[in-house]
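Q: Submitted below is the structure of interest, expressed as structure tokens.
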Amino acid sequence: MSVAAAGRVPESGRTIAGYYTLAGLYTLSAAAIWGVNTLFLLDAGLSFFEVFVANGAFSLGTVLFEIPTGVVADTLGRRMSFLLSVSVLGLSTLAYVTLAAIDAGVIAFALASVVMALGFTFTRARWRRGSSTRSPQRDIAVFSTRCSRAARR
């Protein structure tokens, strides 16, 4: 039986530090995007109001996709949710770059923002799934078990 299945929390400070480091880096990278996003949209030729509209479309997309992406994570699993997230985020990022290159308008950027929101909600659905029955200690135990298995290979 694995450490995670037994419900024991690893005592290793290194494991706990690794878990929080990875979680922090993920959060930092996701947060850094938004400071750059506004500058990117301004550089692409949108006005401040149009940037607000594009970011508002992202927020609306987030609200619209929260439940459906949660259902996908619950039915197809976390891995599939993560793969869909990475795929959709990759495509929406390419769409952003392409739209900036062709000097597209606010409507096109708003649509790309809605697609990007879909990608981010797939990511959140992956982390949120089962959160009512899991604790950070259990997540650390699972992380520790996976690190141990990877080290043995």
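Q: Output ³J(HN,Hα) for region 48-60: one whole-Hz value per residue in order, computed from phi by the Karplus curve 6.51 cos²θ - 1.76 cosθ + 1.60 with θ = phi - 60°, and x for Gly and Pro.
A: Karplus-based 3J(HN,Hα) across region 48-60 equals 4, 5, 5, 4, 4, 5, 4, 5, x, 5, 4, 4, 4 Hz.
Q: Could I have the simple spin-label model distance between Ile102 and Ala23, label points 7 Å from Cα toward Cβ, reported in nm to one decimal?
A: Here the answer is 4.2 nm between the modelled labels.
Q: Per residue of region 73-87, in order, report the coupling 6.51 cos²θ - 1.76 cosθ + 1.60 (Karplus, θ = phi - 60°) as ³J(HN,Hα) in whole Hz, putting x for Gly and Pro.
A: Each residue of region 73-87 in turn: 4, 6, 8, 9, x, 5, 4, 5, 4, 5, 5, 5, 4, 4, 5 Hz.
Rule-based calculations on the coordinates, nothing more; no lab input. Predicted, not measured: the structure shown is a model, and the values here were computed from it. Every residue, glycine as well, gets a Cβ built from its backbone with ideal geometry; the counts of neighbours run over all protein chains shown.
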